[in-house]
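Enquirer: Dumping the structure here so I can ask a few things about it.
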2 protein chains.
Amino acid sequence: MSDDTRSDDAKAERHKATMQKQKARVDAAIEAADTERGVLLLLTGNGKGKSSSAFGMVMRALGYGHRVGVVQFIKGQQLSGEEIYVRDHCPQVAFHQMGTGFTWNTQDRSGDIAAAEATWAKVEPMLTDPSFDLVVLDELTYMIGYSYLDEQKVLDALANRPREQSVVVTGRGGGSALRELADTVSEIKDIKHAFKAGIKARKGVDY
Amino acid sequence: MSDDTRSDDAKAERHKATMQKQKARVDAAIEAADTERGVLLLLTGNGKGKSSSAFGMVMRALGYGHRVGVVQFIKGQQLSGEEIYVRDHCPQVAFHQMGTGFTWNTQDRSGDIAAAEATWAKVEPMLTDPSFDLVVLDELTYMIGYSYLDEQKVLDALANRPREQSVVVTGRGGGSALRELADTVSEIKDIKHAFKAGIKARKGVDY
């Protein structure tokens, strides 16, 4: 047996021992998680990936034939790839957009508030309808941050939703009460971004 | 004019002024980003949302009729919603899975290496084919972390890909050289996770 073979064998043995320990940890954690119910997810932070992650979950849910609702608050005037895809290929998804453009484009607080309220009126029936397995509230956090919607009204609707329903909320900020209420919170940190290095936002990646 | 109305008007004016400044900043940043090319994205960190974000970008790209390749390294034996969806509804996506299950389930280093190499052989033709607009390499980082694939070989293939092609790499870790090469890096931090509070992983959300 060569030294190389011996060292490969040793590496394989160490690997196996490490993986056996890891398997025991993973199995114990899976065993311990025994509550079955829908979850409230908050995807926040300043990095790229919040809305796309929500749409990835839409794809997951559609894979299982789940009923999905998507409501987008504050979106640019530009069409996005996910919007085109959902409209063209997923007629079963209940899809609404506030459609007023970004706050810095409208520059109209009372108009934005009226649009936010009208959009929330599309959300409320979803959050009381147990036939929706997954509801995505894309960029909702800004509505709370700018006080376009009453925070307590939003929190109450989320807290009182059907037990089996999962909700994904995306956007920077959102406040500590929403974080507290959420079952899962992921904060997406911007370590670096192509845009800051002078690369244009990319169709099919950024929008 | 009541005090309330006056205070609302003042709020609206302040809002408008803030938004005008923000619009100037956003417009300047958009103006400065004038390079058009594909980007390399790394979605890393220990939080939930890396793979789902990659699949959200798949949906975006499909919205524009882009050509997409998806290769998944290290996946559980369990079917995932995104896998079912892509197989059933997106025959135009080139989709491959390593399919060996998690490293802690196989516990077999040499078998994992052979599987990783065979899977990489599916990736290489995509990374040299300009007809692919987007390539997702889901959980690739672990192949580098465990030294299942040669790091330099992976980095070279990514660096030398067609100029217009975007690539999304997901997974914890990945090493500093991959971070350096990537145009955009988002680190998804686990602030809290339902699983740790005893809630079972959820179909259509977690897998």
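The values are calculated or read from the model by the stated rules, or taken from the named source; none is laboratory data. On a predicted model such as this, the values are computed, not experimentally measured, just so you know. Reconstructed Cβ throughout: ideal geometry from the backbone, glycine too, with neighbour counts over all protein chains shown.
Enquirer: Starting from the stretch A:148-168, keep only residues that are over 25 Å from B:GLY204 (Cβ atoms), then list their pairs with residues that are of a type in the set (D, E, K, R) and surrounded by fewer than 16 Cβ atoms within 10 Å (Cβ to Cβ) whose Cβ atoms are within a distance under 9 Å, requiring at least 6 positions of separation or different chains.
Expert: Taking only residues 6 or more apart or on different chains, the pairs are A:TYR148/A:GLU117; A:LEU149/A:GLU117.
Enquirer: Take A:THR103 and decide whether it is surrounded by 14 or more Cβ atoms within 10 Å (Cβ to Cβ), modelled with pLDDT under 90 and of a type in the set (Val, Ile, Thr). Reasoning before the result, please.
Expert: On the way: surrounded by 14 or more Cβ atoms within 10 Å (Cβ to Cβ): yes; modelled with pLDDT under 90: yes; of a type in the set (Val, Ile, Thr): yes.
Yes, satisfied.
Enquirer: Another question, if that's okay. I need the full set of residues from the stretch B:39-68 which are farther than 20 Å from B:GLU139 by Cβ, more than 7 Å from every other protein chain (Cβ to nearest Cβ) and touching a residue at least 12 places away in the same chain (Cβ under 8 Å), in order please.
Expert: Passing the criteria: only B:ARG67.
Enquirer: Within the stretch B:140-153, is there a residue that is buried (at least 20 other Cβ atoms within 10 Å of the Cβ) and assigned to a strand (DSSP E or B)?
Expert: no
Enquirer: Also, I was wondering about something else. Which residue pairs have Cβ atoms closer than 9 Å, lie 6 or more positions apart in sequence or on different chains, and pair a first residue in the stretch A:190-207 that is more than 25 Å from A:TYR85 (Cα to Cα) with a second residue that is at pLDDT below 90 and of a type in the set (Asp, Glu)?
Expert: A:GLY198/B:ASP34
Enquirer: Return yes when B:SER80 is of a type in the set (S, T, N, Q) and closer than 24 Å to A:SER80 by Cα and no when it is not.
Expert: In short, no.
Enquirer: Could you figure out which of (1) away from chain B (no Cβ under 11 Å); (2) at pLDDT 95 or above; (3) part of a helix (DSSP H, G or I) isn't true of A:VAL169?
Expert: (3)
Enquirer: Shifting gears a bit: Examine the stretch B:41-49 for a residue that is in the same structural domain as B:LEU178 (by TED's automatic domain parsing), loosely packed, with under 12 Cβ neighbours inside 10 Å and within 23 Å of B:PHE195 (Cβ to Cβ), and state whether such a residue exists.
Expert: No, the stretch B:41-49 contains no residue that is in the same structural domain as B:LEU178 (by TED's automatic domain parsing), loosely packed, with under 12 Cβ neighbours inside 10 Å and within 23 Å of B:PHE195 (Cβ to Cβ).
Enquirer: Which residue out of B:ASP112, B:ASP183 is within 14 Å of another protein chain (Cβ to nearest Cβ) and in contact (Cβ under 8 Å) with a residue 40 or more places away in the chain?
Expert: Of B:ASP112, B:ASP183, the one residue that is within 14 Å of another protein chain (Cβ to nearest Cβ) and in contact (Cβ under 8 Å) with a residue 40 or more places away in the chain is B:ASP183.
Enquirer: Follow-up question, since we're still on this one. Given (1) surrounded by 14 or more Cβ atoms within 10 Å (Cβ to Cβ); (2) assigned by TED's automatic domain parsing to the domain that holds B:ASP190; (3) assigned to a helix (DSSP H, G or I); (4) over 17 Å from the mean Cα position of the chain (by Cα), identify the lone condition not met by B:GLY111.
Expert: (1)
Enquirer: With the stretch A:1-97 as the region, which helices (runs of 4 or more DSSP H) entirely inside it contain at least 2 residues that are more than 25 Å from A:VAL154 (Cα to Cα) and of a type in the set (Gly, Ala, Ser)?
Expert: Filter on the stretch A:1-97 gives A:3-32.
Enquirer: Please go through (1) of a type in the set (Val, Ile, Thr); (2) farther than 28 Å from B:PHE132 by Cβ; (3) more than 16 Å from the chain's Cα centre (by Cα) for A:ILE199 and return the number of the only condition it doesn't satisfy.
Expert: (2)
Enquirer: Shifting gears a bit: Would you confirm whether or not the stretch B:118-133 contains a residue that is facing another protein chain (nearest Cβ under 8 Å), surrounded by fewer than 23 Cβ atoms within 10 Å (Cβ to Cβ) and touching a residue at least 60 places away in the same chain (Cβ under 8 Å)?
Expert: Yes, the conditions are met somewhere in the stretch B:118-133.
Enquirer: Return yes when A:TRP104 is in a helix (DSSP H, G or I), facing chain B (nearest Cβ under 8 Å), free of Cβ contacts under 8 Å to residues at least 60 places away in the same chain and among the aromatic types (Phe, Trp, Tyr) and no when it is not.
Expert: Details: in a helix (DSSP H, G or I): yes; facing chain B (nearest Cβ under 8 Å): yes; free of Cβ contacts under 8 Å to residues at least 60 places away in the same chain: yes; among the aromatic types (Phe, Trp, Tyr): yes.
Here the answer is yes, as A:TRP104 does meet what is asked.
Enquirer: I would also like to ask the following. Counting only residues that are aliphatic (A, V, I, L, M) and over 22 Å from A:SER166 (Cβ atoms), which one in the stretch A:25-40 is surrounded by the most Cβ atoms within 10 Å (Cβ to Cβ)?
Expert: Going through the stretch A:25-40, the residues aliphatic (A, V, I, L, M) turn out to be A:26, A:28-30, A:32-33, A:39-40.
After this cut, where a residue has to be over 22 Å from A:SER166 (Cβ atoms) as well, the list is A:26, A:28.
Numbers: A:VAL26: 14, A:ALA28: 10.
Result: A:VAL26.
Enquirer: Something else: Looking at the stretch A:166-188 only, could you name the residues that are surrounded by fewer than 23 Cβ atoms within 10 Å (Cβ to Cβ) and either aliphatic (A, V, I, L, M) or out of contact with any Ser or Thr (no Cβ under 7 Å at 6 or more places or on another chain) (or both)?
Expert: Answer for the stretch A:166-188, where residues must be surrounded by fewer than 23 Cβ atoms within 10 Å (Cβ to Cβ) and either aliphatic (A, V, I, L, M) or out of contact with any Ser or Thr (no Cβ under 7 Å at 6 or more places or on another chain) (or both): A:GLY175, A:SER176, A:ALA177, A:LEU178, A:ARG179, A:GLU180, A:LEU181, A:ASP183.
Enquirer: Could you check the stretch B:13-24 and list, in sequence order, the residues that are surrounded by fewer than 16 Cβ atoms within 10 Å (Cβ to Cβ) and at the interface with chain A (Cβ under 8 Å from one of its Cβ atoms)?
Expert: Residues satisfying the conditions are B:LYS16, B:GLN20, B:GLN22.
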